[in-house]
Every structure is written in C-alpha cells, then in structure tokens.
Amino acid sequence: MPEFFHRKIERTAIGFVVAIIAAASVGGIVEIAPLFTIDETVENVADMRLYTPLELAGRNVYIQEGCYACHSQMIRTLADEVDRYGPFSLAVESQYDHPMLWGSKRTGPDLARIGGKYSDVWHAAHLNNPRDVVPQSNMPAYSWLARTPLEVDNLGHHLAAQRAVGVPYTDEMIANAARDALGQATPDSDAAFSILDRYGEETQVSAFDGVATSVTQLDALIAYLQVLGQMTDAAYLDTAASELPPDAEDRDVTQAEEERN
Amino acid sequence: MSKTEVDPATGEQTTGHEWNGIKELDNPVPRGVLIFVVVTHVFAILWWFLMPAFPLGWTYTRGLLGIDQRATVEQAISANQAERASWTSAIETSSFDQIQADESLMAVVKDTGPQLFGDNCGACHGFDASGRSNYPDLTDGDWLWGDGSAEAVAETMRVGINTSHPESRFAQMPAFGRDGMLASADVRTVARYVYSLSHPEFSTEENLESIAQGESLFAENCSGCHGAAALGDAETGTPNLTDAYWLYGGELDQIIESVHGGRAGHMPTWDERLTPVERKVLALYVHSLGGTTP
Amino acid sequence: MAGSLTGEERRTCLLILGVLALCALGIAVPGRWDPIGVHGLMVVLLCAGAAGYLLLRLNVPEPSPEELSGYYDAPIKVGVGLTMAWAIFGMFVGVWVAAQLAWPDLTFHQAWSSFGRLRPAHTTGVIFGFGGNALITTSYHVVQRTSRAPLADRVSPWFVLFGFNLFCLLAVTGYAMGLTQSKEYAEPEWYADIWLVIVWVTYFVLFLRTLARRKEPHIYVANWYYLAFIVVVAILHIVNNLAVPITLASAKSYTVWPGVQDAMVQWWYGHNAVAFFLTAGFLAMMYYYLPKRADRPIFSYRLSILSFWGITFFYMWAGSHHLHYTALPHWVQTLGMSFSVMLLVPSWASAGNALMTMRGAWHKLRDDATLRFMVVAAVFYGLSTFEGSFMAIRAVNSLSHYTDWTVGHVHAGALGWVALITFGSLYTLVPSVWKRQSMYSNALVELHFWLALSGTLIYIFAMWNSGVIQGLMWRTYTENNALAYSFVDSLVAMYPYYIARTVGGFLFLLGAIVGSINIWLTVRRSPASQAAPGVYDRPHDLDPTPNAAE
Ligand code: HEM
Ligand code: HEM
Ligand SMILES: [Ca+2]
Ligand SMILES: [Ca+2]
Ligand SMILES: [Cu+2]
C-alpha cells in the first residue's frame, strides 16, 4: 500500500516538493522554536555586561582572521574540560553574541576563559609571532594586526546593528562608540574615564599593544581576548568548580547569587 | 502502460518502468533492514523516556532517570575531588617543609606539576621553565623576588607582579631616557657602567673614564633601588645587575633599552584561576626544578 | 557557448548582464571604501567581460532546429570544466592548509594566506565550487535523460551555473579580504547570500519546469534526491543567513540569531548542508551513473523509497549532535543523538541498494576503474555514515569532538564518498556528452583511482590516529586524579600526523590533476574517432510537448 501511495506522488513534481518540505520541516521546528520559549534555556543573571565598542571591534577581528577555526569558546560539561579550562560555559555567557563563536575544532586550546590569564604584552608578542613565545606552536603569525589601524568611525553603525538584533546598547553608547573605542586604548585620556561610566568600573583600559598613540586591530583583538570569560560571574556560582569568580575580592558571592534569584 | 519483466541475471521482477535504460527491481525491503529499523526505533523511544527529550512549549520532558548534563558533571567533579582529597588535604594543611620532607607527597607534586605548569605557565616561562627574553628563567637559581623558597614562589603566584591584585607585587623600572630623566648620552654612559659590572673585560684603559662617570650617575639615579653595589633587592623585586642572569638581556644595547624605556614585567595573579592547593603544588614543582642551587 | 543560444536568447543574456552590472554599480559606488566596493567593482568588470564576449558573437550562426529540440548539453560541458577547476583549486588549498598545520610559516606572513582565511577558502572551494558545480552539471544531465525532455529553458541554465560560480568567487575573494560571517559552510556575507537566493530560486524553477515536461510518467529516484537537495538547501540557507548589515554600503553584518539559538540554527544548517548538499545530491548522482555504468537495474525500488524519506526526515533532527555537552539544553542533544542513530538505517539502505545493484556485474570492477570509483564511493558512504552515527552518540562524541577525528570523518565522507562518486560520474558523463567512445586513456583513470584511494586512506588513518590520541591525551588522568598532559603536549604529538595528512592530500590532489588532463584530452580528441552516439545514451525520441500524464 505505501508504495501505491508513493506511486502517486511520484507522478507530480509539485506534490513531491510539498512532501519534501513537510518531511524536512518538522525536525528544525521542534528543536529550534522551543529554544525561544523555554525560559530555562538561557540563565537569567543580573551582572551580564556588554562588549565595549573596542571589544566588539576586536571580536570582529577574531572573526575576520578565522581564529574560531582553531579555537573553541565552549567548555563542555565534562570533568576534564572543567579541570583544564575552568567552569563549563553557560548559555548566558554568549547571550549577546551575534554570531556565537563556540567553534568546532581545537587545534589550539579553548579560549572561553582566556581573559586575564596572560598579560597584554604576552598577547601582543604571541599574536605577532606565536613561535617567539611558544616554540612548539603551529598558530599563524598575525604580524599585520599591529600595523593595521582600527576603523573606529563606523562603530556607531555596528552598535546600532547590534541593537537591531537585540543587544541592549543605549543611544548614548551608540553616539559615543568611536570615542569610547579610542578611550579604552588610551589610558589617562578623558575618554578613558567616560567609558567606565558607560560600561562599568570593571572595563579594562589599557594600551593593549603597548602603543598608546594609535588604535590598531591588535589593540581591539587583545581587548576582546582579555574580556573572554569575564562578562558575568554566573558560571562560577552554584558549581563544584573550585575557582573563584574573576573579581572575587571585590564582590560578595552570596550577594551575587541573591541578585540572580 | 508499464510492463514488468524478469531480470535475466537474478530472475527477479522489475517494476516495469525505465528511465533512459535504467530499470528497477521490485524486490521487497530486505528483512534485515526492517529489523534494523525496529531496533534503532526501540532504542530511540526508550532513550526518549529515560532522558530529557521533547519540548513542551514552556518546558520539556525531563526523562525518567532525571538526568541532566550539568548535574552529571558536578557529580563527576565532586567525585574526582573526593578521590583527590587523599593528597589535596595533606598538601593543604601541611607546611612547605613538611611536604618537601614527605616523599609520597613530593611524588604527587612531580606527577601533577608538569601539566599545571604546561597549561598555565609554560606559555611565558617556557615549558621547561627556563624562561626567555622578558620572562624569567625559573630554574637558574637567580630570583627577583624572595629567596626562591617555595613560600616565596607561591606568594609571587598568588598576587602576581604588576597586576591589579590588591596585594600585587610592584616592580617598575622607570623610563629614564624616554621620560627625560637622563639625557640620552647619560643613559649610554650609565649603561656602560652597568655593563662593566658583569663584563670585567670591558673595563679597559680607554673605557675607564666613562665607566667612572657612569658610576656616579648610577649612584645618583639607580642605587636607591638597585643598591649602591648594584646587587639588587629581593624584597622589592629589583634585579641584581652584577651577575650573569638577565631578564631583558645583558648586552649593552639591551641594557640601554632597559634604562631608556624602563621595564615593568607583568606576571599574572593566579589567586582566582588556581586553587591554593594547585598553587602550592606549582610552587613546590618550580622549586624542585633546581632553582635554589645556582 | 554563444553558438548554442538563439539571437534573442543572446539579447536576453545581455539584458541580464546589464541589470546585474547596474546593481553591482549601486553597491560599488557607495561602498567604495569597504570590501563590498571591491566586490561591486569585480562584478561590474565580470559583467562587462561577459557582455563583450557575447557582443563579439552576436553574428555567430544560431543553433539548428534539431539542436534546439534536442537535449541541451552546452551548459553541461562548461560545468564539467568548472567542476574540475574548482576541484584543483579547492584541493590545492586543502593541501596548503594541511601543510600550514605542520609548517606554520607557510603563510608567508600575508594576511590573505593565513590559516583562518584559507581554511574556509578550502571548504568553500571543495564543497560549493567542486561539489556544487558537479551537482548542477550532473543534474542538468540526469534530469533531461530521465525525463526524456530538454531543459525547460535555455538562458536560465547559464544564469544558474555562472551565478553560482559568481557566488563562490565572492565567497573565496571575500575570505582573502577578511570577510566572513564565521558560520561554518555559510561564511559569505549578506549580499552574496542574497545573490545565492536569487540563483537558487531560478535553479529550482528550472528543475521543476523540466520535470514537469517529462515524458516518463514517474519521476526517477535520482530526481527525488536532486529535488530534495535544491529545496532543502534553499530553506537552510535562508534561515541560517538571516542577518542585519551595519549599513547597506558595508559588507559587515550581524546574524539575527543570538548565542545558544545561533549555535542550534548554525548546526541545524551545518549538518544538513552535509545531508542535502554532500549526501542527497551525490546520492542522486549515484542512482543514475552507477546503474548506468554497471548496466544493471536498481536492486530495490521499495528500498529506495525507504531510504529517501528516511534521509529527508531524520537528517533534519540530527544537527544538535554537533553540540553535545555544550550550553545547548540536554533535551535537544538527546534528540540529535537518537535521530542520528535512526538515521543509520536509511543511510545504509542507500549504500546497500547501490552495492546490491552490482549483483551480476561485480566482474566488471576488475577492468572498469570508473565503476570502481563509484562502488568504492558507496562503500565509503556506508563507512562514513556509520562513523557519523557512532560519533553522534554522546559518550563517543565526548572523545571525538574538537579533535582531528571529526576531520577524519569529514574526509572519509568528502574524499571517499563525495569526490570518488563525482569522478566516477564524470568519467561516465564526459564520453556520453561529448559523444566519445570512451575516456582518452583508461590507464589514466586507473592511475587516478589508485592515487585517490591511497590518498584517502592515508588521510583518514592519519586523522583517526591523531584524533583519538588528542582526545585521549586531553582526558587522561594520572593515578593521582590529576590531568596527565598539558595542551601543548597534545599539540606536539600531532605533528607527525599533520605531515602524513599532507602527503595523503597531495596524492589525492595529484589524482584530480590527472583526471582533469584525461578529461581535457578526451574532449580534445579528434572527432574522427567519435563513436556512434548512444553508447551510453539510449536512442530517444524527443517530443517537446509535456507529458500528458502530468
Ligand atoms: C586534497 C585533498 C584535501 C586536503 C589535503 C584537505 C585538507 C583539509 C584540512 C587541512 C582541513 C582543516 C582541518 C583542520 O582544521 O584541522 C580541511 C577541512 C575540511 N575539508 Fe578538506 N581537504 C581535502 C579535500 C576535501 C574535499 C574534497 C572536501 C569536500 C568535498 C573537503 C571538505 C572539508 C571540510 C568540510 C572541512 C571542514 C572540517 C571541519 O570543520 O571539521 N576537503 N581539509
Ligand atoms: C548518518 C550520517 C552521518 C551522521 C550521523 C554524521 C554525524 C556527524 C557527527 C556526530 C559529527 C561530529 C560533530 C562534532 O563533534 O563536532 C560530524 C561531523 C561532520 N560530518 Fe558527519 N555524519 C554523517 C555523515 C556524513 C557524511 C556522508 C558526510 C559527507 C561529507 C559528513 C560530513 C561531515 C562534516 C563536514 C562534519 C564536520 C562539521 C564541522 O564540525 O565543521 N557526515 N558528522
Ligand atoms: Ca568544523
Ligand atoms: Ca552567509
Ligand atoms: Cu552532523
């Protein structure tokens, strides 16, 4: 009998197309739509911060260079990964990531919690030529990043587009995007202080690549790397992972937990 | 309309259709395939009952076993910690001397140290801890901070050097040349003096005068930190400038660069990233690399 | 090319080129300080070149009435050339990136040639350039033969073929400039994505209209698969690439999907790109060229039904096996895993159907390397789908994920299945379309076969080894319950395998070059040695009126 039915749809091209669409749609709908309706999917945390314009630009450099081809940013729920890289990644940690950069290959180590692990100077040397600091490395040398000025003028458009896809940037952040990017890479400038007002005291202001007079793609990329894993403490709470949250000394953990509930 | 035929090679019936010479046999689906269908479906359905599986609008089926990956990994980590407790608690509660005296604990240190060092420290200090330009050698017995005892190493690791940790160690060499504290000729002169300290052969007749000039510049500008005899101070992380160990290089050019542009190496704090036990293990491991016997 | 079009059709082409050039100009001018401006200019120049070519040939004689009513094979001939050109490009870049992992300074400190930018050039080059052109080309061939009807239109086949290649070109040149959305296998930016939608809809309409003209009452299995490939890829492509450009004069865009939802959409796409691009389309090839070459009937029509609908339904649920143990909720992972296991049945049913079709023709394998290409491809298809279903089991994936094992699996499928079935199909198609008795040299086909097979085996054994070693080193604990190896230890252990993989890939590339030369010589061969047409095409009577049974 089923073949008899099949004999029929086999005789009409349109019918066949409709049948294909019907059969192929179910899986995607069942698996994707509920990710928006089930609240549990993304943890609700109070301290989640936004990427500053410089960090967002750095994220775009990370994308442009295809770092995700070798580095994951997703610590899985496996004991060895937690032992090596820190608490497993939570959905909320990439809540504002358009696109996500979880990666699918670890030619190099996971970078989900690389922020604060090394110094800016180390990153600058490593990106310029990894084999200068890690002779065994097969990571490419990104020597042009330090020479390529960062385009900051259109960062306002970037933030606006991010807002259009759901990241809560304010009008003020959008209006000051270029200035904030410059300020974050030039310590002691006026702009360096206003960025703390807008993005929080935790924001790292630094001459990331060691040169405070110009803002390069390398500055942006290091700013981004230094903030990975530092956007919220959520992953450190409620887990058996033995590490303390990144800013434990000035933050009361139980209080943060209360904020969360 | 369509004529079924018999395939001469196998004696099986065709369906009677033909497409540019291609025909199909009308064989039934082999029994093995059907069994395979049943087996995989039974497995899948069973799995859906046991595990979290299907979405229900605002929630999802949790599965009869009540398993969730997060709870599972928390358990695995706790179990691991419990097993490790056989030595972690001993390391936590014992003093460095006690641990060093305990062979079985030191065996643990030598077993776990290399991985911790490789994943956290090797990128800067080299995977054999022998350092490289700008990153100190941890095996040479020359220490910037403290005496190279495990305690001192552990404290350096905890607070870091030049970090934002509230108790961070600070070690900043001013930029005499760049910041205009010394004229560039003077920078070169004092550097020649410093160079002569570790290179006696440099003190030739013709150099003596300028070295003497450098010596007085040194006394004015540098001795406050590096000491009158340039022997440094392990309390403040100021390097000894008379020996063969150099963080930024002991060639004349490199010394000039240090004096001109200043130095402030950044050693991260491991207070949050590593547990006290891990730091203790690492300190003992570093210590065991022979760094106490120059 | 131009000679196969009527004067009016040539003018239509010019019109299309004009409109496209105008649109490109509209992008090039406002986007001049941005890579999008470079792309706009590139398209304007390409359109001008194509228009110049056509204008110079406006007076070339029009095709004869017999030619106009027969099968339309001119685009197929061009498609074969494009397929082989992309094969060599994509595999050359593959060998290059493989070598970079062993000798990282092979980037020569150039931005465009660094690993992160070349790797997508490789995947796009082979999957879309090589695979996509092979699919379009063979679909034109198969749909006409199995429908006993010429293509429904004579301009749109060219539009689809060249439009698709333009998409690939935008993609690859974009990566070199640092343009990417970072979505694996969907890296091109928003304007290239929109262009592909236009091309793809045209393809769909062309294919459907050709099917509607068929003179066979039933649609042949191969065409089910081509249809599924065209329709589902359109759905996947549109959903995954929804994005907001920062301005219309900028190449950069941000995907609408956030974090965890983006991950799910991406791998729903990514996995089904495998399913409907690298599997369904190539199964279509297999269902036509294998029985054709073996001259045997398909083993079981009913098994074809089971596997086709199994693949179409189950595959779409399996994408979450790329996200095991991640921040994606556990329930989705359960679905991904269980459907991947059920998916093995239709996958093996297809492979089995192909192998059982060989009953009574096994002896042909000894002398016919072309047929051997296709049979070995079916075996690798069975192998890589088994491996895939195995790796989709969470516990196995905890070891294999992030490691070279995945890369080994990919290339068992990509080299062993996708590339081998394509070469086998092309060696069947080329003599048929160019009306030659056989390929120029059977010895070269034989040589190609052994180069390809040994290259594939070296590649996948190297990656299985390195992947399993890597995975184990990451999770090995000492007796004190502490991790045994640092990451760099595992990296150092990879180097020998990275070198071996480069060697395997090089052999495979060599085979593709040999194949291209052979095809070139076959085409060039003097028509005097032509066989009577119809060695592979049975005589047919073409009737332009659509089949009444429809
Ligand atoms: C000459 C032969 C080839 C060589 C040497 C080669 C080499 C490579 C290399 C080195 C990678 C990167 C792996 C990594 O990141 O560690 C890769 C990835 C990939 N290649 Fe190939 N390749 C070849 C042929 C092909 C073909 C013919 C296809 C498809 C039809 C293909 C599809 C892919 C895909 C899909 C990936 C991405 C895998 C992933 O993300 O897991 N390759 N290839
Ligand atoms: C039953 C069929 C198959 C199943 C269940 C399956 C399953 C899988 C699994 C579990 C992974 C690893 C995901 C991860 O850990 O990241 C994977 C990766 C992959 N498979 Fe398969 N596979 C199948 C068939 C194929 C075939 C025939 C190809 C043809 C080329 C293929 C191409 C790929 C590619 C390209 C990837 C890499 C994706 C990425 O990470 O970039 N698969 N597959
Ligand atoms: Ca991948
Ligand atoms: Ca895209
Ligand atoms: Cu998959």
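The values are calculated or read from the model by the stated rules, or taken from the named source; none is laboratory data. On a predicted model such as this, the values are computed, not experimentally measured, just so you know. Don't worry about glycine lacking a Cβ; one is built from the backbone with ideal geometry, like all the others, and counts go over all protein chains shown. Each accessible area value is taken on the protein alone, full model and side chains, heavy atoms only, with ligands, DNA and RNA left out. Shrake-Rupley method; radii C 1.70, N 1.55, O 1.52, S 1.80 Å.
Each row is one residue, and each column tells you yes or no for (1) acidic (Asp, Glu); (2) in a helix (DSSP H, G or I); (3) out of contact with any Asp or Glu (no Cβ under 8 Å at 6 or more places or on another chain); (4) over 24 Å from residue A:61 (Cβ atoms).
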residue	(1), (2), (3), (4)
C:249	no, no, no, no
C:260	no, yes, yes, no
C:272	no, yes, yes, yes
C:277	no, yes, yes, yes
C:293	no, yes, no, yes
C:310	no, yes, yes, yes
So which of A:177, A:161, A:220 is modelled with pLDDT of 95 or more, in contact with a strand residue (DSSP E or B) (Cβ under 6 Å, 6 or more places away or on another chain) and surrounded by 20 or more Cβ atoms within 10 Å (Cβ to Cβ)? A:161
Residues being closer than 25 Å to residue C:502 by Cβ, within 12 Å of another protein chain (Cβ to nearest Cβ) and either within 16 Å of ligand 4 (Cβ to nearest atom) or not polar (S, T, N, Q) (or both): count how many of those fall in region C:384-407. 6
If I ask for residues that are open to solvent by 40 Å² or more (accessible area, probe 1.4 Å) and within 14 Å of chain A (Cβ to nearest Cβ), which ones from region B:249-266 would you list? B:257, B:263, B:264, B:266
Can you name the number of the only condition in (1) open to solvent by 20 Å² or more (accessible area, probe 1.4 Å); (2) more than 13 Å from the chain's Cα centre (by Cα); (3) of a type in the set (D, E, K, R) that residue A:81 fails? (1)
Scan region B:2-14 and tell me whether some residue there is open to solvent by 80 Å² or more (accessible area, probe 1.4 Å) and either assigned to a helix (DSSP H, G or I) or at the interface with chain C (Cβ under 8 Å from one of its Cβ atoms) (or both). no
Could you tell me which of the residues C:385, C:406 is touching a strand residue (DSSP E or B) at 6+ places or on another chain (Cβ under 9 Å) and within 16 Å of ligand 5 (Cβ to nearest atom)? C:406
Would you check if there is a residue in region C:404-421 being touching a helix residue (DSSP H, G or I) at 6+ places or on another chain (Cβ under 9 Å) and over 30 Å from residue C:324 (Cα atoms)? yes
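One line per residue, one yes/no per condition, for (1) more than 16 Å from ligand 5 (Cβ to nearest atom); (2) of a type in the set (A, V, I, L, M); (3) more than 24 Å from the chain's Cα centre (by Cα); (4) assigned to a helix (DSSP H, G or I):
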position: C:62; (1), (2), (3), (4): yes, no, yes, no
position: C:85; (1), (2), (3), (4): yes, yes, no, yes
position: C:89; (1), (2), (3), (4): yes, no, no, yes
position: C:134; (1), (2), (3), (4): yes, yes, no, yes
position: C:151; (1), (2), (3), (4): yes, yes, no, no
If a residue must be buried (at least 22 other Cβ atoms within 10 Å of the Cβ) and assigned to a helix (DSSP H, G or I), how many such residues does region C:171-183 contain? 4
Flag if residue C:284 is among the small types (Gly, Ala, Ser), part of a helix (DSSP H, G or I), open to solvent by less than 20 Å² (accessible area, probe 1.4 Å) and within 16 Å of ligand 5 (Cβ to nearest atom): no
Taking region C:4-15 and keeping residues in contact with a helix residue (DSSP H, G or I) (Cβ under 8 Å, 6 or more places away or on another chain) and assigned to a helix (DSSP H, G or I) leaves C:4, C:10, C:13, C:14
What number of residues within region B:222-234 are surrounded by fewer than 18 Cβ atoms within 10 Å (Cβ to Cβ) and either modelled with pLDDT of 95 or more or among the small types (Gly, Ala, Ser) (or both)? 6
With criteria (1) modelled with pLDDT under 95; (2) more than 19 Å from residue A:61 (Cβ to Cβ), residue A:207 comes up short on (2)
State whether one or more residues within region C:362-380 are outside any helix (DSSP H, G or I) and either more than 16 Å from ligand 1 (Cβ to nearest atom) or free of Cβ contacts under 8 Å to residues at least 40 places away in the same chain (or both). yes
So residue C:186 clears everything in (1) assigned to a helix (DSSP H, G or I); (2) within 16 Å of ligand 1 (Cβ to nearest atom); (3) within 11 Å of chain A (Cβ to nearest Cβ) except one condition, right? Which one? (1)
Mind listing whichever residues of region B:25-54 are farther than 26 Å from residue A:38 by Cβ, open to solvent by 70 Å² or more (accessible area, probe 1.4 Å) and in a helix (DSSP H, G or I)? B:31, B:34, B:35, B:38, B:39, B:42
Output for region B:78-108, where each listed residue is open to solvent by less than 30 Å² (accessible area, probe 1.4 Å) and closer than 12 Å to residue B:284 by Cα: B:91, B:96, B:99, B:105, B:106, B:108
Taking region C:152-190 and keeping only residues that are under 20 Å from residue C:258 (Cα atoms) and modelled with pLDDT under 95, one is left with none
Starting from region C:401-414, take each residue that is in the same structural domain as residue C:386 (by TED's automatic domain parsing) and list its partners that are part of a helix (DSSP H, G or I) and near ligand 1 (Cβ under 6 Å from one of its atoms), counting only C-beta distances under 8 angstrom and pairs at least six apart or across chains. C:414/C:126; C:414/C:127
Taking the conditions exactly as written (within 16 Å of ligand 2 (Cβ to nearest atom) and at pLDDT 95 or above), does residue C:229 satisfy them or not? yes
Region C:259-270, residues that are open to solvent by 10 Å² or more (accessible area, probe 1.4 Å) and away from ligand 4 (no atom under 16 Å from the Cβ): C:261
Any pair with Cβ under 7 angstrom, 6 or more apart, that starts in region A:102-130 at a residue that is on the phi > 0 side of the Ramachandran plot and ends at one that is within 16 Å of ligand 1 (Cβ to nearest atom) and assigned to a loop (DSSP other than H, G, I, E, B): A:103/A:71; A:103/A:72; A:103/A:73; A:103/A:74
Residue list for region A:135-146, restricted to those being surrounded by fewer than 20 Cβ atoms within 10 Å (Cβ to Cβ) and in contact with a strand residue (DSSP E or B) (Cβ under 7 Å, 6 or more places away or on another chain): A:146
What number of residues within region C:243-258 are open to solvent by less than 20 Å² (accessible area, probe 1.4 Å) and in contact (Cβ under 8 Å) with a residue 60 or more places away in the chain? 4
Of (1) among the aliphatic types (A, V, I, L, M); (2) assigned to a helix (DSSP H, G or I); (3) within 14 Å of chain A (Cβ to nearest Cβ), residue C:328 fails just (2)
Looking only at region A:15-67, filter to residues that are surrounded by 21 or more Cβ atoms within 10 Å (Cβ to Cβ) and hydroxyl-bearing (Ser, Thr, Tyr); which one of those is nearest to the other protein chains (Cβ to nearest Cβ)? A:41
